[in-house]
Amino acid sequence: MSKFSCTSLQPYLVLIVALCLTSCMRKEIPAAPHVAGDVTTATVDMNEDYKWQIFYSLKNNEIVSKNLRTDWDLGFECGASGYHIITNTARFMFAYNTGKTDFSAFALADTVGFANGKNIDMPSSSLDSTAIGDWRKRTPVYVVSNNDKQIFKVQCLPAERGYKVRFAKLNGGGGLEQTVVIKKDDNYNFMFLSLTAGNIINVEPPRASWDVVFTNYTHLFYDMNTPYSVTGCLLNRYNTIACMDSSVAFDQIDHILAARYQLSPQINIIGYNWKEYNLSKGIYITFTKMNYIVRTSDGVYYKLRFLDFARNNVKGNPKWEFQAL
């Protein structure tokens, strides 16, 4: 009698197991292809004298809010550990740290050093490069001016979850000393104060609701060390970053390429120089090869480029096209 051999069954066992595994395996489901949004054209009307600051949502393709650029003077950072104070560069504002701390005794005659010591917020609007700087240790009195030739004295003091601000007008006969307490709100980048009107004012909408703002602002030309009033587009400081690329055609930029760019939080990365005034022709020329890649606070990439700055030969009407990638 021949002996039964287990090895003789091995080929059959392998076949049976393979068939069982094959029948149990799920069929692969192909990943859905990436679908970009539609290319959309948009425009806003800032008025010919750029009087409006316009906050815009790329996601919703709509104006979220707008305000007169003269509505406010100072903005107060809302972050839990934030202490920075920004000036409204749309009003061509300057600030000067006098080094003095006696607010009530400070008078117009004490502004002697203002002309040579005044500062502006840097064009990139880095919060480490503001005209006011870090006020917390000595709480000095600042001299603050705007393009309406108004001069104020301002002193900021710490307050629970906010700021205590003392201010008064120095020129034009002076003004009453006022004190306001500004509370932080985590839903916003800043709370805003009008020194002219003497009250707190709503300017920026909630920080997660907008992406860019069209506004007049102050740019510093470093080669001349000269501040100059310009008009353009600034980023939302809240988790919004961008870059410019003029080497690739607008149509060729997709989500794969966008993810490779090194983006910057510098809020004037889009800025003003996507256009130029042609003096001989009396018109604005728009540089349509300047493509901007923007990643918004919700992590979505967009590409955009400007098409015009005037409508019916009236300036202050930026027109652009953009696409969610």
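Bear in mind that the values in this text are calculations on the coordinates, not laboratory data. None of the values given here were measured: they were computed from a predicted structure. Don't worry about glycine lacking a Cβ; one is built from the backbone with ideal geometry, like all the others, and counts go over all protein chains shown.
What is the sum of charges around VAL314, taking Lys and Arg as +1, Asp and Glu as -1, for the other residues whose C-beta is under 10 Å from the C-beta of VAL314?
0
Tell me which lysines have Cα within less than 16 Å of LYS319's Cα, excluding those fewer than 8 residues away on the same chain?
Partners within reach: LYS275, LYS289, LYS303.
How about the range 40-94: which GluC sites (Glu not before Pro) there lie in a loop by DSSP and see at most 12 other Cβ atoms within 10 Å?
Hits after loop and neighbour filter: GLU48.
Could you grab the relative contact order for the chain? Cα pairs under 8 Å, six or more apart, rounded to a whole percent.
Reported relative contact order: 18 percent.
Excluding residues on the same chain fewer than 8 positions from LYS183, give the lysines whose Cα lies under 25 Å from its Cα.
LYS66, LYS137, LYS153, LYS164, LYS169
With all distinct Cα pairs included, what does the Kirkwood hydrodynamic radius of the range 72-202 come out to in Å, to one decimal, could you say?
With all distinct Cα pairs of the range 72-202 included, I get 14.6 Å.
Explain nothing, just the number: relative contact order of the range 72-202, from Cα pairs under 8 Å at least 6 residues apart, as a whole percent.
RCO, the range 72-202: 28 percent.
Would you kindly compute the Cα radius of gyration of the range 191-314 and its largest Cα-Cα separation (Dmax), both in Å?
16.7, 51
How big is the range 54-109 on each of its three principal axes, counting only the C-alpha atoms and giving the largest first in Å?
Here the Cα extents, ordered largest to smallest, are 51, 28, 15 Å.
Of the residues GLN53, GLN252, GLN150, which exhibits the maximal mean-square fluctuation in a Gaussian network model of the chain defined by a 10 Å Cα contact cut-off?
Looking only at GLN53, GLN252, GLN150, the biggest GNM fluctuation is shown by GLN252.
Calculate the FRET efficiency for GLN178 and LYS149 from the Cβ-Cβ distance with a Förster distance of 22 Å, rounded to the nearest 0.05.
0.65
When the scattering of the chain is computed by the Debye formula from its Cα atoms alone, each counted once and equally, what is log10 I(q)/I(0) at q = 0.08 Å⁻¹?
-0.46
Tell me the relative contact order for the range 224-325 as a rounded percent, counting alpha carbon contacts under 8 Å between residues six or more apart.
Reported relative contact order: 26 percent.
Within the range 224-290, report the trypsin sites (Lys or Arg not before Pro) that DSSP leaves as loop and that have at most 10 other Cβ atoms within 10 Å.
Here the trypsin sites (Lys or Arg not before Pro) that fit, given the DSSP loop and packing criteria, are ARG260, LYS281.
Say R0 is 45 Å: what FRET efficiency, to the nearest 0.05, do THR101 and ALA249 get from their beta-carbon distance?
E(calc), rounded to 0.05, equals 0.20.
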